[in-house]
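Structure first, then comments.
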Amino acid sequence: MDGEVRTSDDVTALAPRLCCAGSVVVLTGAGISVPSGIPDFRTPGTGIWEHVDPMEVAHIDAWRANPARFWSFYGERFQTLGDKRPNGAHDALVELERRGLVDAVITQNIDMLHRRAGTRELIEVHGSIATCSCLSCGARVASAEVLAQLEQSAVPLCACGRPLKPDVVLFGEFLPAAALERATRLAEGADLLLCVGSSLEVYPVAQLPAITLRHGGEVAIVTQGPTPYDELAVARLAGDVEQELCGLLAAVG
Ligand code: ZN
């Protein structure tokens, strides 16, 4: 960033809608974390996913079949994500929430960057790297403790002796029902659903804009690259996500 805030013309159209809406809900995907140095695994040839098949290493069956192999990959991922910091886009959403202009943030991201930025009403529909759980006894362990264990052994274990699983939704797992239910209610009640950094193609996030539209709300999109909702959106911001959200924040005054 060179300090100059460049935004799409649509920011001018979006700001008053944001201010007038009774309920604004934000939906975020991998794109909002890219400026923090976390590559979107859907972008070919980037980062940690370049040499691995996510379906193979991040699948619940992989964890069950070979916890050591699973953790050799996931432990590294935990460590990499643990160093990352929120960027201006996360901060802009915190400020909009602080001003009463945003009711809640629903995210697909597991990287904890919304938490670290300070978002209060946060629904992590794919879980997060904050904790790990034991699927046998239900115990929950902080990730810092899990990382400490990984320095000594290949598989972090629960006090009951069973392998721990990160509290992120792996491929082949169901989404957390409570979080999904809350996200659905928020989408139903939103006058404006602001979708940020998501291609809106992956379930369940792909359905939320349709739910908002069906209940009479509007959808706005801040994402580089096409989404299935582009034609239905009241505003479509396709620039850099940090610059667009900082521009939006400036435009609401
Ligand atoms: Zn246990």
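The values are calculated or read from the model by the stated rules, or taken from the named source; none is laboratory data. This is a predicted model, so every value here is computed, not measured. Cβ atoms come from the backbone with ideal geometry, glycine included; neighbour counts cover every protein chain shown.
Is segment 239-253 home to any residue that is outside any helix (DSSP H, G or I) and touching a Pro at 6+ places or on another chain (Cβ under 7 Å)?
There is no residue in segment 239-253 that is outside any helix (DSSP H, G or I) and touching a Pro at 6+ places or on another chain (Cβ under 7 Å).
Within 16 Å of the ligand (Cβ to nearest atom) and not in a helix (DSSP H, G or I): does that describe L175?
In short, no.
Go through (1) closer than 22 Å to F78 by Cβ; (2) touching a residue at least 40 places away in the same chain (Cβ under 8 Å); (3) among the small types (G, A, S) one by one and return the number of the condition A148 breaks.
For A148, the failing item is (2).
Enumerate the pairs (first residue in segment 59-77 and closer than 16 Å to S128 by Cα; second residue anywhere and of a type in the set (F, W, Y)) with beta-carbon separation below 6 Å, excluding pairs fewer than 6 apart on the same chain, so at least 6 apart or on different chains.
H59/F171
Looking only at residues in segment 160-172 that are surrounded by 16 or more Cβ atoms within 10 Å (Cβ to Cβ) and either away from the ligand (no atom under 16 Å from the Cβ) or of a type in the set (D, E) (or both), which one is nearest to A144 (Cα to Cα)?
Only one residue fits best here, namely D167.
So which of G138, G127 ends up being at positive phi and in contact with an Asp or Glu (Cβ under 6 Å, 6 or more places away or on another chain)?
G127
Does L213 fit the bill of being over 20 Å from the mean Cα position of the chain (by Cα), in a helix (DSSP H, G or I) and on the phi < 0 side of the Ramachandran plot?
The answer is yes for L213.
Restricting the search to segment 78-101, which residues are of a type in the set (D, E) and in contact (Cβ under 8 Å) with a residue 24 or more places away in the chain?
The answer is D91, E95, E97.
Residues A210, A206, A178: which one is modelled with pLDDT under 95, over 23 Å from H90 (Cα atoms) and aliphatic (A, V, I, L, M)?
Answer to the check: A178.
Out of everything in segment 130-150 that is assigned to a loop (DSSP other than H, G, I, E, B) and surrounded by fewer than 14 Cβ atoms within 10 Å (Cβ to Cβ), what residue ends up being farthest from the ligand (Cβ to nearest atom)?
Among those residues, the one meeting the criterion is G138.
Just to be sure before I move on: is R120 outside any loop (DSSP other than H, G, I, E, B) and more than 16 Å from the ligand (Cβ to nearest atom) in the structure I sent?
No; evaluated as a whole, the condition is false for this residue.
For A68, all conditions in the list (1) assigned to a loop (DSSP other than H, G, I, E, B); (2) surrounded by fewer than 19 Cβ atoms within 10 Å (Cβ to Cβ); (3) not aromatic (F, W, Y) hold save one; what is the number of the exception?
Checking A68 against (1) assigned to a loop (DSSP other than H, G, I, E, B); (2) surrounded by fewer than 19 Cβ atoms within 10 Å (Cβ to Cβ); (3) not aromatic (F, W, Y), the one that fails is (1).
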